[in-house]
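Below you'll find the structure, written out as structure tokens, and then a few comments.
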Amino acid sequence: MAVLDELSGFEFEDVIEDVFSNLGYENVRQAEKTADEGRDVIMEEVVDGTRRAIVVECKHTGTVGRPVVQKLHSAIATFDFDGPKRGMVVTTGRFTSPAQEYADRLQQSDDPHPIELIGGENLRELADEIGLDLYNGRIEILCDETLRPYDPAADVDAAVTEAFRDIENIEAADLPTPHSAVTFRPVVAVTADTNAVFETSVGVIHRINDRTQFVVHAERGHLQVVDEDVAALVTKNFHTRIELDPEQFGEVFDDVEERRFGQTQTEYKEWAVERLQQHHTMTVTYTGDNNVTYNKTCEPNLSDISVQSIEPVYLPEVRQTTEILEYSYPYEYYAAGPSRVTTENGIHRCVHCETSGVGETYTYCPNCGAIACTSHTKTERLEGEPVCTGCAVTERFALKTKYFYDEENLEAFREEYADMPLQEKAMENKLIAAGGVVAVFLIVLGLLVVGGVV
């Protein structure tokens, strides 16, 4: 318990707020600081369908006597809450016998405002339940739940199969099985309230009453808020999370990796509060009593921001790579059962240029395995099948470039071309053939004009 002795009263109350938040109490927040550094924690619980308020007195002292408990009992009675209320005194030390007797008497007499006493040893037990390391004063992340890395009602490579259905000239059923890897990435879903009022001599000039929810990548290093679509994937599927069982997932995926949470929950909370403070800071323009315009920077205090919950979960990042002849096609996405957010789509992408996107047309080249856009896809002259410009052998026939899978096909067409009648050779370049017909028509027409026939 030595670390708790080193904390200030305010720091101790920060820890207590985190403890009760993790124990499942609702709307856990701290009251305003007072001159004697008595900053109570207020929270709520639901018992048998009834919501009840709890006023917590935090005492960072060695011994707590009866007067503290009596004072809290009076404070509970005057606390503004529409419903039943009770109290709690939490200390790093111990309670005197009179303090314990007073609390027991309230309980036995069915007092409407009973008080629970939590001493240092009880606090250690509660801390163990939520992973609070009392030797460093931080709440470690304890999480063994993940969003589903695949849809149990479909094959694990269903997303890849679906993506290949958009590619012309290839059957998804004929694809080789992709190499599948899953990385379980830690994220935390943060919910926080910001309540602040800014006043001047003219009255209230700005007010903040906001509940913010966001999801943060929680690996070691620089914390980063996830994109909106990924955040929606996490929050909408949070209720469907399951146990993270690497052995079970190892039977489905070729490679399984689990990343660790990089910071403690306390550090995530501190980061979230600082971020929200910056987010809500703004300059307000107002007119004073003297009809002069002023600018005032309204920055909420850290105490104005209350983190309601920090919920950890693992977010599966699935990477499936399909090897076809000379090319590899990666497809990467965050998964939550049948739902997913694609982060890399190497299937809807031309291997010869930067063209990409599901709105384009792509064609598979069976000669080399390339997926190419319309600009890099031609018709193979001998067999009449698609071929990409990257692997095709070319030669000009009737002044037009023809595309072939290889030299063997080219040689076969040379022989075929040599045996063609002149009119068929001409048709190998329809523009020239059409131009020739027009030219002959014009010559005949000219002769007729000259001869006076027309």
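Tabulated data
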item: Probe 1.4 Å - accessible area at residue 375, Å² to nearest ten; result: 80 Å²
item: Using a Förster distance of 56 Å, the FRET efficiency for residue 251-residue 375 (Cβ separation, nearest 0.05); result: 0.85
item: Acute angle (nearest 10 degrees) that the helix 97-108 long axis makes with the longest principal axis of the chain, alpha-carbon atoms; result: 70 degrees
item: Helix 265-280 vs. the chain, principal-axis angle (Cα, 0 to 90°, nearest 10); result: 80 degrees
item: Stretch gain in nm, segment residue 80-residue 122, where the contour uses 0.36 nm per residue and the Cα spacing is subtracted; result: 12.2 nm
item: Interchain or long-range residues, amide H under 5 Å from residue 61's placed H; result: 92, 93
item: Angle between the chain longest axis and helix 9-22 axis [Cα atoms, degrees, rounded to 10]; result: 60 degrees
item: Nonlocal amide H pairs with residue 370, under 5 Å, H built at 1.01 Å; result: 365
item: Positive minus negative residues near residue 27 (Lys, Arg vs Asp, Glu; Cβ under 10 Å); result: -2
item: Listed residues 261, 164 arranged by accessible area, highest first, probe 1.4 Å; result: 261, 164
item: Percent of Cα-Cα distances greater than 28 Å, calculated over the chain; result: 68 percent
item: Alpha-carbon centroids, region 298-345 and region 66-126: separation in whole Å; result: 44 Å
item: Cα shape, region 3-130, gyration tensor, a/c 1.5 rule; result: rounded
item: Residue-averaged [θ]222 nm for the chain, counting only DSSP H segments that reach four residues, each worth -39500 (n - 2.57); result: -8500 deg cm²/dmol
item: Given 12 as the ceiling on other Cβ atoms within 10 Å, longest exposed-site-free region of the chain for GluC sites (Glu not before Pro) in DSSP loops; result: 38-170
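The values are calculated or read from the model by the stated rules, or taken from the named source; none is laboratory data. This one's a predicted model, so the numbers in the text were calculated from it and none came from an experiment. Positions of Cβ are backbone-derived with ideal geometry, glycine not excepted, and every protein chain shown enters the neighbour counts. Just the protein is used for accessible areas: all its heavy atoms, side chains included, with ligands, DNA and RNA removed. Shrake-Rupley method; radii C 1.70, N 1.55, O 1.52, S 1.80 Å.
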